[in-house]
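**Q** Just dropping this structure here.
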Amino acid sequence: MTRTQVAIVGAGPAGLMLAHLLHREGIESVVVEQKSQAYIEQRVRAGVLEHGTVELLTGAGIGDRLLREGLPHHGFELRFEGETHRIDLTGLTGRTITVYGQQEVVKDLVAARQALGAPIHFEVMEVGVHDIGTDRPFVTGVHDGIPIRIEADFVAGCDGFHGICRAALPATEGRQFEREYPFGWVGILAEAPPSSPELIYARHERGFALHSMRSATVTRLYVQCGPHDRVEQWPDQRVWDELHLRLGAPGWSLTEGPIFEKSITGMRSFVMEPMQSGRLFLAGDAAHIVPPTGAKGLNLALADVAVLARGLVEWYRAGSRHQLDQYSATCLRRVWRAEDFSAQMTGLLHRYPDDSGGFAARLQLARLRVIVGSRAAQTALAEGYVG
Ligand code: APR
Ligand code: PHB
């Protein structure tokens, strides 16, 4: 049996950052994770950090490598009907975004925690959360065949969309909001220099495509695919063919290179309300999912745990539950803003298989023309994007 102040389930960005923020305030935590360290450090996800996320990471002493290796971006491109239009993020909002892979954030957070000698329990199976309605909640699991039990003052459910913590909230108290999209994304990493210095979001009759990057030598690319497609249906040549078609524009060409990672992501919007009950607080993907078009997932996860850490600090310093009681309401305002932005970006740029009459496609093009023709509309888009 272990006794700690905060038991954290899940060593994704949310759980690791919460542990880090709490440690800086002298609050002890234990992190339990079902996967191995190698697995979480290699899991490829998105990679766009909002300005506020970069400030949060650097302010918490986690930003050294991010500031050295992250790629600051001042704009992105919208491409449709063979035209390219730049959204000048910095000119419109005064802010930048930074491209830095999520697994790099995870590596930095793991390294920081291990440097302190504070453990992360990897490969813990059969994790369960108990007694959240009391002031002695606890987490159980099995590690190397041996049962473990962690007693805590609070439990943070940072175990992602497929975790077990959400189900521990009493069904009678909560409400879930969900929308599934009739498509997914095939994402690849290729050993090829980026074909443009900036991200390119392309709307094409054949479907959406996105050009992004990880470094001067690695390109990150996505193509819209069917909602139930499997990776085997997307051999490398098919991916490149679709990327060339959908991203194509006069005077521009896509540089190919060996593909060393390929996976398919489903697309959904999901929110659990409220994000808390008793002594259990959900954060990040455990509580909400956005489609990746707006690049908000990681940013929301880190914003949640910043709010949660403040609430816990107030509890331990001043004995007040005020901020903790407001946790869900505080987070949900930002969450729904991001849900709105992500759903709009998704709706603007994807091919809808049920749009056989082409009405939705015409509306998309009309909307895109409004955006590229109006500084006010571009400012709204840029503000949503930089967060
Ligand atoms: N027990 C312990 N750990 C678990 C369990 C469980 N039952 N179920 C899941 N986990 C772990 C996962 O293995 C993962 O490492 O919880 C972690 C959750 O991490 P993420 O899925 O990365 O979620 P989060 O930290 O909220 O970060 C959100 O991830 O999905 C992306 O785009 C999303 O960028 C966003 C970010
Ligand atoms: C990425 O680089 O992985 C990426 C960028 C922008 C998005 C989604 C993913 O909207």
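The values are calculated or read from the model by the stated rules, or taken from the named source; none is laboratory data. This structure is a prediction, so every number in the text was calculated from the model and none was measured. Here Cβ is always computed from backbone atoms with ideal geometry, including for glycine, and neighbour counts include all displayed protein chains. Side chains are part of the model used for accessible areas, which takes the heavy atoms of the whole protein and leaves out ligands, DNA and RNA. Shrake-Rupley method; radii C 1.70, N 1.55, O 1.52, S 1.80 Å.
**Q** Of all residues in the range 121-137 being of a type outside the set (Asp, Glu) and more than 10 Å from ligand 1 (Cβ to nearest atom), which is farthest from Ala171 (Cα to Cα)?
**A** For the range 121-137, the residue satisfying everything is Arg136.
**Q** For the range 80-109, how many residues are open to solvent by 10 Å² or more (accessible area, probe 1.4 Å), touching a residue at least 24 places away in the same chain (Cβ under 8 Å) and of a type outside the set (Ser, Thr, Tyr)?
**A** 13
**Q** Can we say Arg3 is near ligand 1 (Cβ under 10 Å from one of its atoms), of a type in the set (D, E, K, R) and surrounded by fewer than 21 Cβ atoms within 10 Å (Cβ to Cβ)?
**A** Judged against the criteria, Arg3 is not a match.
**Q** Checking the structure you have, find out if any residue of the range 32-41 is within 16 Å of ligand 2 (Cβ to nearest atom) and part of a helix (DSSP H, G or I).
**A** Looking through the range 32-41, none of the residues is within 16 Å of ligand 2 (Cβ to nearest atom) and part of a helix (DSSP H, G or I).
**Q** Does Ala190 satisfy the criteria of being away from ligand 2 (no atom under 12 Å from the Cβ), under 30 Å from Leu280 (Cα atoms) and of a type in the set (A, V, I, L, M)?
**A** Here the answer is no, as Ala190 does not meet what is asked.
**Q** Just to be sure I understand, how many residues within the range 21-48 are near ligand 1 (Cβ under 10 Å from one of its atoms) and among the hydrophobic types (A, V, I, L, M, F, W, C)?
**A** 5
**Q** Of all helices (runs of 4 or more DSSP H) completely enclosed by the range 298-387, which ones contain at least 3 residues that are open to solvent by less than 20 Å² (accessible area, probe 1.4 Å), of a type in the set (S, T, N, Q) and modelled with pLDDT of 95 or more?
**A** In the range 298-387, 322-349 are the helices (runs of 4 or more DSSP H) which contain 3 or more residues that are open to solvent by less than 20 Å² (accessible area, probe 1.4 Å), of a type in the set (S, T, N, Q) and modelled with pLDDT of 95 or more.
**Q** Say we look at the range 228-243 and pick out the residues that are more than 13 Å from Leu254 (Cα to Cα) and among the hydrophobic types (A, V, I, L, M, F, W, C); which of these is surrounded by the most Cβ atoms within 10 Å (Cβ to Cβ)?
**A** Here is the first cut: in the range 228-243, the ones more than 13 Å from Leu254 (Cα to Cα) are 228-238.
Going one step further and asking which of them are among the hydrophobic types (A, V, I, L, M, F, W, C), we end up with 231, 234.
Details: Val231: 12, Trp234: 18.
Ranking the qualifying residues of the range 228-243, first place goes to Trp234.
**Q** Taking only pairs six or more apart or across chains, which ones have beta-carbon atoms under 6 Å, a first residue in the range 349-366 that is within 17 Å of Thr293 (Cα to Cα), and a second residue that is in a loop (DSSP other than H, G, I, E, B)?
**A** Close Cβ pairs satisfying both conditions: Leu349/Phe208; His350/Phe208; Arg351/Gly207.
**Q** Would you confirm, using the coordinates I've provided, whether Phe76 is in contact with a His (Cβ under 9 Å, 6 or more places away or on another chain), among the aromatic types (Phe, Trp, Tyr) and touching a residue at least 12 places away in the same chain (Cβ under 8 Å)?
**A** No, not satisfied.
**Q** Out of the residues in the range 189-227 meeting the condition of being more than 23 Å from Arg43 (Cα to Cα) and out of contact with any Leu (no Cβ under 8 Å at 6 or more places or on another chain), tell me which one is most open to solvent (accessible area, probe 1.4 Å).
**A** Across the range 189-227, the extreme among qualifying residues is Glu205.
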